[in-house]
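What follows is a set of notes on a single structure, which appears directly below.
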Amino acid sequence: MTHFARPMGDVTYLRFTFCGTAGEEVSGRALDEGIVRAMWLTHEELRASADRHHTPIVLKCVEDYLAGRRVPLDFIHTHSVAPVVRA
């Protein structure tokens, strides 16, 4: 987990990064809001453009991958809890 102090209030991010093989580009697919474009960069190019990243976690995830940091997928669990109804 990474915590950042921001002018609009503190923010905590929990990020999961998955690795795999990229498939073909889907032509005409819309990008998420706020994303200007998608592009492939080398590690050096990514590090040189860190000031343009959405969060510092982007580079951290790539560097963790390059350092060989991995955990099995079965380390990730979910648990659904019914919402608490207060009178």
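The values are calculated or read from the model by the stated rules, or taken from the named source; none is laboratory data. Predicted model only: the values in this text are computed from it and were never measured. When we count neighbours, we look across all protein chains shown, and the Cβ atoms used for this are built from the backbone with ideal geometry, even at glycine.
Data table
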| item | result |
| --- | --- |
| Residue in the range 46-58 that is among the acidic types (Asp, Glu) and part of a helix (DSSP H, G or I) present | yes |
| Residues that are within 27 Å of ILE76 (Cβ to Cβ), among the polar types (S, T, N, Q) and surrounded by 10 or more Cβ atoms within 10 Å (Cβ to Cβ), drawn from the range 12-63 | THR17, THR55 |
| Filter pass, GLY9 being assigned to a loop (DSSP other than H, G, I, E, B), modelled with pLDDT of 85 or more and loosely packed, with under 10 Cβ neighbours inside 10 Å | no |
| Flag if VAL81 is within 20 Å of THR12 (Cβ to Cβ), surrounded by fewer than 10 Cβ atoms within 10 Å (Cβ to Cβ), aliphatic (A, V, I, L, M) and free of Cβ contacts under 8 Å to residues at least 40 places away in the same chain | yes |
| Selection count where residues are touching a strand residue (DSSP E or B) at 6+ places or on another chain (Cβ under 8 Å) and at pLDDT below 90, scope the range 30-87 | 3 |
